[in-house]
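One structure is given below, encoded as structure tokens.
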Amino acid sequence: MNIFEDANRRQIANRRNIDFILHILFVLATSIGVVALCALIVDIVVDGVARLQPELFTEFPSRKAENSGMKSALVGTIYMLIIMAPISFIFGVGAAIYLEEYAKKGWLTRLIQLNISTLAGVPSIVYGILGLALFVRLMSLEKSLIAGALTMTLLVLPIIIVSAQEAIRAVPKSRRDASFALGATKWQTVSRSVMPSAIPGILTGVILAMSRAIGETAPLVMIGALTYVAFLPDGLKDSFTVIPIQVYNWLSKPQIEFKELAASGIIVLLVLLLLMNLSAILLRNKYQKNV
């Protein structure tokens, strides 16, 4: 009996030791990531906080660092979001509703689903090449604001479709059954029973996808977005620039003053991303209370 008890104690002690070692390993891995991120943010803030003056937002880019600002990049980013958000929402959520609620579960649906999931992980430069071929050359939209917004819409569509599908799939089947039992049609069930429960998850996915889009540079560089724009776009077919491209332009210059401007641009972009992520959390919490 003592032999079995000793063996059992040693087995429990070994498990606890392994658990302790893995715990230390996970804490160490997390700490390395957090410390590296904090060091990066502190370095950027130290370099760029002095340039966070009103002139940064009210002046156009200039060849002289002391006169340079990011007004055109900030306005271009906002314009692109305004164009991109409704298009992405309509097509992305519409596709998710069709795939989850209307499409027959066959090989074709599974093939489409597999392609959408694969597209969500494709590098962003590929969408830039697609946007260049489709919008800039085939549709002759040139290096315009609408071409940039449509290219970024392609980039975020798979993410929105996948997140919206997950949100719709999470709605209990009993809600649909109860709606059908009361005599509701398919669309009435989807619009009045499924979507109110799924909308918090859908909005969160859409906002996080928008956050990714405003931080991307490669697709816009690929379609030929300008790095130096000293005017505001007056129409959809005007040239434009965005914050990441402006930061890239400043970083490519050798003067230390432009490096500081690039750091201040990164701070503005980070604040914008944090505000969007915060709004996603607030929207999700608000609608979850109403469900």
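The values are calculated or read from the model by the stated rules, or taken from the named source; none is laboratory data. Just so you know, these numbers come straight off a predicted model, no measurement behind them. Note that each Cβ is placed from the backbone with ideal geometry, even for glycine, and that neighbours are counted across all protein chains shown. To get the accessible areas, we keep the full protein, side chains included, count just its heavy atoms, and leave off ligands, DNA and RNA. Shrake-Rupley method; radii C 1.70, N 1.55, O 1.52, S 1.80 Å.
Assorted remarks:
- Asp177 passes every criterion in (1) touching a Phe, Trp or Tyr at 6+ places or on another chain (Cβ under 9 Å); (2) open to solvent by 50 Å² or more (accessible area, probe 1.4 Å) apart from (1).
- Ile214 being β-branched (Val, Ile, Thr), modelled with pLDDT under 90 and farther than 26 Å from Ile112 by Cα: yes
- Listing of helices (runs of 4 or more DSSP H) fully contained in the stretch 1-102 that carry 3 or more residues being in contact (Cβ under 8 Å) with a residue 12 or more places away in the chain, over 30 Å from Tyr228 (Cβ atoms) and not polar (S, T, N, Q): 71-97
- Hey, Pro196 of a type outside the set (A, V, I, L, M), open to solvent by less than 60 Å² (accessible area, probe 1.4 Å) and at pLDDT 85 or above or not: yes
- Considering residues of the stretch 266-282 that are more than 24 Å from Ala225 (Cβ to Cβ) and either free of Cβ contacts under 8 Å to residues at least 24 places away in the same chain or out of contact with any Ser or Thr (no Cβ under 7 Å at 6 or more places or on another chain) (or both) only, the residue least open to solvent (accessible area, probe 1.4 Å): Ser279
- Residue check for Asp43: surrounded by 14 or more Cβ atoms within 10 Å (Cβ to Cβ), more than 30 Å from Leu236 (Cα to Cα) and either touching a Ser or Thr at 6+ places or on another chain (Cβ under 9 Å) or modelled with pLDDT of 90 or more (or both): no
- Taking the listed residues Glu142, Glu166, the one that is open to solvent by 40 Å² or more (accessible area, probe 1.4 Å), without any contact (Cβ under 8 Å) to a residue 60 or more places away in the chain, out of contact with any His (no Cβ under 8 Å at 6 or more places or on another chain) and among the acidic types (Asp, Glu) is Glu166, with no other qualifying.
- Residue list for the stretch 250-260, filter: open to solvent by 40 Å² or more (accessible area, probe 1.4 Å) and of a type in the set (A, V, I, L, M, F, W, C): Leu251, Ile256
- Residues of the stretch 217-241 that turn out to be open to solvent by less than 30 Å² (accessible area, probe 1.4 Å), within 21 Å of the chain's Cα centre (by Cα) and not hydrophobic (A, V, I, L, M, F, W, C), as a count: 2
- Among the residues of the stretch 134-165, those that are touching a Pro at 6+ places or on another chain (Cβ under 7 Å) and either among the acidic types (Asp, Glu) or modelled with pLDDT of 90 or more (or both) comprise Thr151, Met152, Leu155.
- Verdict on Ala263 being open to solvent by less than 50 Å² (accessible area, probe 1.4 Å), more than 13 Å from the chain's Cα centre (by Cα), within 30 Å of Ser179 (Cα to Cα) and modelled with pLDDT of 85 or more: no
- Which listed residue is closer than 18 Å to Val247 by Cα, at pLDDT below 90 and open to solvent by less than 50 Å² (accessible area, probe 1.4 Å), from Ala65, Ala50, Ala120: Ala65
- Taking each residue of the stretch 120-139 that is closer than 11 Å to Met152 by Cα and in contact (Cβ under 8 Å) with a residue 40 or more places away in the chain and looking for partners that are in a helix (DSSP H, G or I) and among the polar types (S, T, N, Q) with beta-carbon atoms closer than 7 Å, six or more apart or interchain, yields Tyr127/Thr151; Gly128/Thr151; Gly131/Thr151.
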